[in-house]
Amino acid sequence: MRTEVHGIVIENRNALVVKKKDHYILPGGKPSYLEESDSDILKREFKEELSRTVILVDLYYDSFAGITPNSKTSFISKTYFCYPLEKIGEPSAEISEKRYVNSSSFFKLKFSDITRK
């Protein structure tokens with residue numbers, strides 16, 4: 001089973017999510033090479049997905065098993081708390097939207113299996 005790394009950014013008690021295709025997910029992704037650290041993956045993915053956003057990767061939160069929303073393959077998501085070192089950039093690459101959500105959003109928006117957990 002493959003592993004991905006995702007970042008949790010909290011602002012005013014809301015969590016940052018990005019929209020990829022038709023699902024909202026936490027920013028992050030998979031390694032681009034075998035020895036890439038979790039911190040390096042998150043830093044690279046935030047820069048790619050949110051217009052060169054620079055983050056500090058802080059505490060490990062938890063790991064979750066789930067299914068990708070589009071290809072329906074199993075994976076594990078290792079999640080970390082992250083802090084932006086500057087303003088969060090605008091969506092780029094395959095990301096169509098960014099937004100901050102709270103628990104009431106879980107009933108209104110389409111989230112990936114992992115992001116719901």
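The values are calculated or read from the model by the stated rules, or taken from the named source; none is laboratory data. It should be emphasised that the depicted structure is a prediction, and the values quoted were computed from it without experimental measurement. Cβ coordinates were reconstructed from backbone atoms using ideal geometry, including for glycine residues, and neighbour counts include every protein chain displayed. What goes into the accessible areas is simple: the full protein's heavy atoms, side chains included, and nothing from ligands, DNA or RNA. Shrake-Rupley method; radii C 1.70, N 1.55, O 1.52, S 1.80 Å.
The table that follows gives values for the structure above.
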| item | result |
| --- | --- |
| Ser92 without any contact (Cβ under 8 Å) to a residue 12 or more places away in the chain, out of contact with any strand residue (DSSP E or B) (no Cβ under 8 Å at 6 or more places or on another chain) and at negative phi | no |
| Residues located in the range 79-101, provided they are open to solvent by 70 Å² or more (accessible area, probe 1.4 Å) and assigned to a loop (DSSP other than H, G, I, E, B) | Leu85, Glu86, Lys87, Glu90, Ala93, Glu94 |
| Contacts under 8 angstrom Cβ, first residue in the range 52-65 being part of a loop (DSSP other than H, G, I, E, B), partner surrounded by 14 or more Cβ atoms within 10 Å (Cβ to Cβ) and of a type in the set (Lys, Arg), 6 or more apart | Thr53/Lys47; Val54/Lys43; Val54/Lys47 |
| Residues that are closer than 26 Å to Ser104 by Cα and open to solvent by 30 Å² or more (accessible area, probe 1.4 Å), drawn from the range 2-13 | Ile10, Glu11, Asn12, Arg13 |
| Extreme residue, surrounded by the fewest Cβ atoms within 10 Å (Cβ to Cβ), among residues of the range 14-30 that are outside any strand (DSSP E or B) and modelled with pLDDT under 95 | Asp22 |
| Selected residue [surrounded by 13 or more Cβ atoms within 10 Å (Cβ to Cβ), modelled with pLDDT of 95 or more, aliphatic (A, V, I, L, M) and over 14 Å from Arg2 (Cα atoms)] from Ile55, Ile76 | Ile55 |
| Qualifying residues in the range 40-51 (those that are surrounded by fewer than 18 Cβ atoms within 10 Å (Cβ to Cβ) and touching a residue at least 40 places away in the same chain (Cβ under 8 Å)) - the one nearest to Gly7 (Cα to Cα) | Glu48 |
| Every residue from the range 14-39 that is under 15 Å from Tyr80 (Cα atoms) and touching a strand residue (DSSP E or B) at 6+ places or on another chain (Cβ under 7 Å) | Ala15, Leu16, Val17, Ile25, Leu26, Pro27, Gly28, Gly29, Lys30, Asp38, Ser39 |
